[in-house]
1. Among (1) over 20 Å from the mean Cα position of the chain (by Cα); (2) surrounded by 21 or more Cβ atoms within 10 Å (Cβ to Cβ); (3) modelled with pLDDT under 55, there is one condition residue 72 misses while meeting the rest; what is its number?
2. Could you tell me which numbered condition residue 176 fails, if it satisfies all but one of (1) closer than 28 Å to residue 254 by Cβ; (2) in contact (Cβ under 8 Å) with a residue 60 or more places away in the chain?
3. So which strands (runs of 3 or more DSSP E) stay within the range 150-262 end to end and still have 1 or more residues that are open to solvent by 50 Å² or more (accessible area, probe 1.4 Å)?
4. Out of 37, 30, 6, 20, I need the residue that is more than 30 Å from residue 144 (Cβ to Cβ) and at pLDDT 70 or above. Which one?
Amino acid sequence: MRRHSARQPDGLLAARAAAAAATVGHAIPAPDLRAAAFFDVDNTIMRGASIYYFARGLAARKMFTSVDLARMTYAQLSLRVRGSEHAGHIDSAREAALAFVAGHEVSEIVRLCEEIYDETMADRIWEGARELAQRHLDAGQRVWLVTATPTELAEIMARRLGLTGALGTVAESVDGVYTGRLVGGLLHGLAKPAAMAALARREGLDLTRCAAYSDSVNDLPMLLLAGHPHAVNPDSELRAEARRRGWPVHDFRTGRRVALVALPAAGAAGAVAGGFAAGVALRRRRSA
């Protein structure tokens with residue numbers, strides 16, 4: 001007991017000396033409550049279409065019927081081959097995919113979203129895009145995803161990436177079960193800046209101090225709403241627009257052409273992937 005009490009002052013002295021000598025290597029930034037960053041998801045944060053990987057994960061779990069599969073494949077082929085994102089084409093493609101959750105419990109789909117993200121999406125995140133988001137976090141700003149993908153999946157992505165949250169398409173549910181309908185339609189086109197503006201009002205954000213990131217010219221309204229727009233892996237039209245307006249361009253793709261959708265194995269998922277891959281190839285040939 002005496003020896004222990006005799007050593008105690010030395011221990012206290014060492015502790016105080018260590019604390020006094022410690023220097024701050026990386027100061028924690030003060031929260032910047034008026035600024036935030038908004039990131040599109042598909043081909044901006046991750047390679048390929050998040051809704052496709054969600055659907056492929058559900059197909060692997062036998063949650064498709066042949067009719068469902070045919071509808072989604074046709075909708076995606078129609079969208080990609082035409083090379084445009086008109087509202088009607090987007091609605092049919094996305095709603096066909098979201099309809100797969102009809103009749104399932106919300107808790108079940110959330111659990112599956114967790115699994116699907118880990119299995120097929122986590123390794124498709126652009127490291128460069130993650131670093132862009134981290135810069136905003138390091139500056140004490142909040143970072144939100146803005147996407148047409150289901151909000152449950154978008155929120156999981158945001159949580160796994162350490163972001164603030166997500167704005168996504170809301171699927172209607174009654175008593176914890178999905179109806180197969182959407183609440184107000186898809187979060188796409190003009191709905192994205194509207195959602196950003198609504199969130200800004202709720203959170204007290206100054207949009208002129210906010211940044212926005214996207215790969216598609218279809219997100220031009222979203223980019224124009226923010227004071228600091230950025231083009232990420234841009235399509236040809238957005239690249240031209242960014243150059244004309246003097247916006248920063250970030251391209252994390254390697255080589256001249258990048259396969260945004262990997263070809264999976266044969267079977268139900270293969271049929272869907274074939275639609276995606278064929279459409280992407282045709283679209284890229286036309287834009288080259």
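The values are calculated or read from the model by the stated rules, or taken from the named source; none is laboratory data. For clarity, every value in this text was computed on a predicted model and none was experimentally measured. Methodologically, a virtual Cβ is constructed for each residue, glycine included, from the backbone with ideal geometry; neighbour enumeration extends over all protein chains shown. SASA here: full protein model, heavy atoms, side chains in, ligands and nucleic acids out. Shrake-Rupley method; radii C 1.70, N 1.55, O 1.52, S 1.80 Å.
1. The single condition residue 72 does not satisfy is (3).
2. Unmet condition: (1).
3. 171-174, 177-182, 228-232
4. Within the list 37, 30, 6, 20, the selection yields 20.
A quick yes/no check of all residues on (1) modelled with pLDDT under 95; (2) under 15 Å from the mean Cα position of the chain (by Cα):
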site	(1), (2)
112	yes, no
120	yes, yes
135	no, no
148	yes, yes
